[in-house]
């Protein structure tokens, strides 16, 4: 964290809220759904980094002390890598690799050592000055990927400062049982700390919802909320607290009745070790298909645990290394085969690498341009620059599919021509495998993501070229409303209940219904998990959704209250926009 005046930890009670028995609800932004109940444990250490003047002899010794601290921190990180090796998800390993790369950045450490000589100040002060400068440059960048990297730099620096001060890094701390981790920032080491110490939930002031820590928290299925203004001003160490990751709220000093109600909600949401799918049925008996969004092979168990109908979206970007190294065909085959086998015959939908824009995996595969989100990303990048990468992924999936129901989903489709060109590679790869006598499935089906307004407008033509479509509602909303979903200044336009956006969603399902293909449509993305929008979508005619597994209980609960025989006010608002 940035240096700040020492904060009262709450132990003495001198600065504790005099109305500490009053329940206080703080609204934020959902990171991972679910309910966590416990006591506040504040993650951020109280740092007061002050400069210490050095003599010439002390400067030489201080440089050596800093170099030794870097070595110690690097060694501890390698120990963490060894701890999670073989059991951690692929994105945890990738994030640890990024932290290792930061620690191995000699240019950064050289600048710190130069500051020690030039400014004649101690290593901790010079480290923090250099880190603050780098963090400021990252924070000023429009690209949310780079902006979120400031959290990684701050995290690394905190670990180094801990070693320099004779203490331990962020990941080596301890916490009492039944705690909720409360933090000003979203640090990866805090997320790993929370998981290793069995935290009941995570709450943060940070809005870096594309940070590595946010990704980790979702992978851990830990109830989490970010973007809570003033959280550290209100929370005190040991306070009773509830994290409601489903609704994006933190309740400090909750009343007994509130705790009991949320505890019941939490128990109702649990579906441990299901052997079959758990139905999702509306009040009038209409069945809704619920599938899982996953980001690595380890998360298939969540699909089974929560009784979902299959994998609606397997994001493959985390198979790419932190440095942008693309996985080999054999590495991909192994990952896809693991998912397919562990799905036990349920449908598996694998999305091809969606890289570019805000989905950047290392400088080697960056999408450049003034507005990279609208540049060469997804299938555009493959068709224009990297067809061999697409063909390799096709080969790996075809080989891994065997006799299981598998679909390949193409991201960032804009025109029918995108599909036609993709199918050319699809057919060619199949023919190559056939000629080589390599075992592969001939029953894999092709799908298109509808996440651009152009694709939504031409959806009837696009679905005629593929076996299924999936609505990528995150990008569809930001492109349709012309509002960057990572720009806090225009978040008010990111409202999925806006009549214009509801009209667009209704237009899509009506166009698909006109060609008799409504059964081949799935809705995914954060909008699919918005309980305000879900009932409207069901009433419009959408019957398949792909969601975070831990959100499934909320879906079933809301769906049970939806009666399709009743008029939907939100849908009638959308009707007003029909031409």
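The values are calculated or read from the model by the stated rules, or taken from the named source; none is laboratory data. Given the structure is predicted, the values throughout are model-derived calculations rather than measurements. Here the Cβ is made from the backbone with ideal geometry for all residues, glycine too, and neighbour counts use every protein chain on show.
Some observations on this one:
- Hey, residue 116 surrounded by 13 or more Cβ atoms within 10 Å (Cβ to Cβ), touching a helix residue (DSSP H, G or I) at 6+ places or on another chain (Cβ under 6 Å) and at pLDDT 90 or above or not: yes
- Residue 538 modelled with pLDDT of 80 or more and not in a strand (DSSP E or B): yes
- Residue, nearest to the chain's Cα centre (by Cα), within region 133-149, restricted to residues that are at pLDDT below 85 and closer than 26 Å to residue 62 by Cα: 135
- Residue 244 being out of contact with any strand residue (DSSP E or B) (no Cβ under 8 Å at 6 or more places or on another chain) and at pLDDT 90 or above: no
- Region 187-232: number of residues that are surrounded by fewer than 22 Cβ atoms within 10 Å (Cβ to Cβ), closer than 21 Å to residue 549 by Cβ and free of Cβ contacts under 8 Å to residues at least 40 places away in the same chain: 2
- Yes/no for residue 327 being at pLDDT 90 or above, part of a loop (DSSP other than H, G, I, E, B), in the same structural domain as residue 38 (by TED's automatic domain parsing) and buried (at least 18 other Cβ atoms within 10 Å of the Cβ): no
- Condition check for residue 364 on (1) assigned to a helix (DSSP H, G or I); (2) at pLDDT below 95; (3) touching a helix residue (DSSP H, G or I) at 6+ places or on another chain (Cβ under 7 Å); (4) farther than 30 Å from residue 557 by Cα: one failure, at (3).
- In region 556-567, the condition of being modelled with pLDDT under 90, in contact with a strand residue (DSSP E or B) (Cβ under 6 Å, 6 or more places away or on another chain) and part of a loop (DSSP other than H, G, I, E, B) is met by no residue.
- Of all residues in region 286-324, those being in a loop (DSSP other than H, G, I, E, B) and at pLDDT 90 or above number 6.
- Qualifying residue in region 544-553 (condition: surrounded by fewer than 20 Cβ atoms within 10 Å (Cβ to Cβ) and closer than 23 Å to residue 280 by Cα): no
- Every listed requirement among (1) more than 19 Å from residue 521 (Cβ to Cβ); (2) in contact with a helix residue (DSSP H, G or I) (Cβ under 6 Å, 6 or more places away or on another chain) is met by residue 436 save one, (2).
- Of the residues making up region 519-528, none is at pLDDT 95 or above, in a loop (DSSP other than H, G, I, E, B) and over 18 Å from the mean Cα position of the chain (by Cα).
- Subset of region 56-96 (residues that are surrounded by 14 or more Cβ atoms within 10 Å (Cβ to Cβ) and modelled with pLDDT under 60): 80, 81, 83, 84, 88, 89, 90, 91, 92, 93, 94, 95
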